[in-house]
């Protein structure tokens with residue numbers, strides 16, 4: 001079995017590892033915004049449950065994320081969060097001050113349609129209209145994600161949510177409501193966020209919502225679920241729900257609204273621990289089960305053969321019509337990328353009659369503390385070259401798809417210090433390799449930091465933060481304080497050079513206008 005530390009490295013939220021310095025290789029560190037194409041978009045993002053609060057106000061009903069945080073969550077919950085529901089105007093003003101082109105956020109399905117289907121909540125509709133209008137007023141592009149882990153609890157209770165094909169119809173109806181109500185102002189839609197992580201944590205290991213798993217595979221004593229099959233079903237239904245939604249948009253809305261439909265995928269860059277053939281094969285498996293699992297159907301119409309061979313009869317099958325529906329259903333891919341990781345082959349100690357997702361992958365992800373991975377221990381997890389190599393890989397395999405880097409950031413221990421110089425260096429180096437990728441012909445359309453505010457994090461609650469803006473949870477008004485990273489990003493977006501020398505100077509002068 002995988003221990004918890006190994007599992008967390010594979011999941012989206014990179015917790016607060018304290019590295020010992022950064023090594024930046026192959027990137028031009030003296031660039032300005034004018035080096036990027038005129039229409040390249042810079043932004044930042046949050047998600048509904050993590051930022052909105054007002055969880056029990058104005059007709060919103062619980063999602064599976066509410067149920068999780070009020071039972072086995074990592075501490076705290078999103079009942080109040082950053083109170084973005086009431087403070088959205090203040091937050092948009094901060095975005096304007098920084099100079100953001102765009103803001104990526106998600107819609108709470110259970111705020112908009114409290115029962116998951118049926119009557120619309122007028123207060124929810126009003127809130128999202130107000131937020132979108134505020135963004136548009138100040139020239140900030142809304143980039144909207146329809147689903148970010150927060151399925152209405154009622155649909156989970158009724159039929160198991162994403163394990164059932166019934167979710168396809170309900171999700172498509174929810175998406176159509178959003179297109180009808182907001183599509184005259186929203187041009188960039190992501191249907192589903194990180195289904196690969198959602199499926200793994202929520203349906204195999206069982207320690208993220210909706211906490212489904214089965215013995216002996218889960219990291220908790222799940223009372224329902226099947227770790228051997230459900231992760232694959234969840235991604236299958238997510239792909240079909242996305243494809244159904246995309247087809248509906250293109251048929252009924254695209255000609256008039258001129259928008260784009262995307263799909264957000266959690267990624268990492270895997271590196272073999274050794275030069276052995278076994279570790280090289282382990283990287284191929286890890287990549288297939290994390291990235292190709294989703295992108296192969298979206299580009300080629302079916303799952304990768306490597307996965308189908310390993311998973312066998314447990315792998316869902318697309319009908320001919322479904323293959324045609326899924327293939328080519330994305331206008332762009334939203335990339336979530338934080339770090340790279342070393343991979344070691346993990347031959348099974350015995351032949352298992354039943355296997356879960358992790359037993360199928362059969363790799364070991366090496367943590368920083370592992371003596372066999374000295375390069376990781378000195379900070380190569382942060383090496384920005386991993387993002388550049390990931391972009392190159394995606395271009396080679398999938399034909400230079402349009403993509404947005406929708407999440408990229410660094411987790412640090414959450415405290416009142418605004419001197420997040422490590423985060424500035426992380427951002428500076430990763431934006432530099434995006435520029436290099438563009439110069440090499442990659443079709444990257446934008447870069448978004450995660451996150452705009454220090455939000456509630458799924459795996460760490462309020463103990464860590466990725467934000468450009470610190471939120472004082474002890475202040476009744478939840479006062480916001482821009483960090484050094486916000487000042488650096490603002491300077492860059494307003495035309496100043498982004499060299500590391502400039503970072504150091506900014507750190508010395510932080511707080512001086």
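The values are calculated or read from the model by the stated rules, or taken from the named source; none is laboratory data. As the structure is a prediction and not an experimental result, all values here were calculated from the model. Neighbour counts are summed over all protein chains in view; Cβ atoms, including those assigned to glycine, are modelled from backbone coordinates with ideal geometry.
In summary, residue 428 fulfils each of the numbered conditions (1) buried (at least 24 other Cβ atoms within 10 Å of the Cβ); (2) within 18 Å of the chain's Cα centre (by Cα) with the single exception of condition (2). Which numbered condition trips up residue 172, out of (1) assigned to a helix (DSSP H, G or I); (2) in contact (Cβ under 8 Å) with a residue 12 or more places away in the chain; (3) farther than 30 Å from residue 226 by Cα? With respect to (1) assigned to a helix (DSSP H, G or I); (2) in contact (Cβ under 8 Å) with a residue 12 or more places away in the chain; (3) farther than 30 Å from residue 226 by Cα, residue 172 is out only on (3). Restricting attention to the range 134-157, which residues are part of a helix (DSSP H, G or I) and closer than 13 Å to residue 110 by Cβ? Listed by number, the residues that qualify are 153, 154, 155, 156, 157.
Within the option set 212, 117, being over 21 Å from the mean Cα position of the chain (by Cα), modelled with pLDDT of 95 or more and part of a loop (DSSP other than H, G, I, E, B) holds for one residue only, 117. With respect to the stated conditions, residue 122 fails to be at pLDDT below 95 and farther than 20 Å from residue 193 by Cα.
Each row is one residue, and each column tells you yes or no for (1) closer than 26 Å to residue 354 by Cβ; (2) touching a residue at least 40 places away in the same chain (Cβ under 8 Å).
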site	(1), (2)
242	no, yes
263	no, yes
275	no, no
304	yes, no
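Looking at 43, 53 in this structure, which one is modelled with pLDDT of 95 or more, assigned to a loop (DSSP other than H, G, I, E, B) and surrounded by 21 or more Cβ atoms within 10 Å (Cβ to Cβ)? Unique residue meeting the criteria: 53. Of the residues making up the range 297-356, just one is touching a strand residue (DSSP E or B) at 6+ places or on another chain (Cβ under 8 Å), at pLDDT below 95 and part of a loop (DSSP other than H, G, I, E, B), namely 346. The condition (being closer than 30 Å to residue 410 by Cβ, without any contact (Cβ under 8 Å) to a residue 12 or more places away in the chain and either surrounded by fewer than 16 Cβ atoms within 10 Å (Cβ to Cβ) or touching a helix residue (DSSP H, G or I) at 6+ places or on another chain (Cβ under 6 Å) (or both)) is satisfied by just one residue among 288, 280, 321: 280.
When the range 192-209 is filtered for residues that are touching a helix residue (DSSP H, G or I) at 6+ places or on another chain (Cβ under 9 Å), outside any loop (DSSP other than H, G, I, E, B) and crowded, with 22+ Cβ neighbours inside 10 Å, the ones remaining, listed by number, are 192, 195, 196, 198, 199, 200, 201, 202, 203.
When residue 79 is tested against (1) buried (at least 21 other Cβ atoms within 10 Å of the Cβ); (2) within 22 Å of the chain's Cα centre (by Cα); (3) without any contact (Cβ under 8 Å) to a residue 40 or more places away in the chain, only condition (1) is not met. I'd like the residue in the range 441-496 that is closer than 25 Å to residue 80 by Cβ and without any contact (Cβ under 8 Å) to a residue 40 or more places away in the chain and, out of all such residues, is surrounded by the most Cβ atoms within 10 Å (Cβ to Cβ). My answer is 467.
When the range 224-267 is filtered for residues that are at pLDDT below 95 and assigned to a strand (DSSP E or B), nothing remains. Given the structure, is residue 27 at pLDDT 95 or above, part of a loop (DSSP other than H, G, I, E, B) and more than 20 Å from the chain's Cα centre (by Cα)? Against the criterion (at pLDDT 95 or above, part of a loop (DSSP other than H, G, I, E, B) and more than 20 Å from the chain's Cα centre (by Cα)), residue 27 does not qualify. Taking the criterion of being assigned to a helix (DSSP H, G or I), free of Cβ contacts under 8 Å to residues at least 60 places away in the same chain, out of contact with any helix residue (DSSP H, G or I) (no Cβ under 6 Å at 6 or more places or on another chain) and closer than 16 Å to residue 263 by Cβ, would at least one residue in the range 177-185 satisfy it? Checked the range 177-185: no residue is assigned to a helix (DSSP H, G or I), free of Cβ contacts under 8 Å to residues at least 60 places away in the same chain, out of contact with any helix residue (DSSP H, G or I) (no Cβ under 6 Å at 6 or more places or on another chain) and closer than 16 Å to residue 263 by Cβ. When the range 357-382 is examined, which residues are found to be modelled with pLDDT of 85 or more and assigned to a loop (DSSP other than H, G, I, E, B)? If the condition is that a residue be modelled with pLDDT of 85 or more and assigned to a loop (DSSP other than H, G, I, E, B), then 362 is the only one that fits. In this structure, does residue 385 turn out to be modelled with pLDDT under 95 and more than 20 Å from the chain's Cα centre (by Cα)? No, not satisfied.
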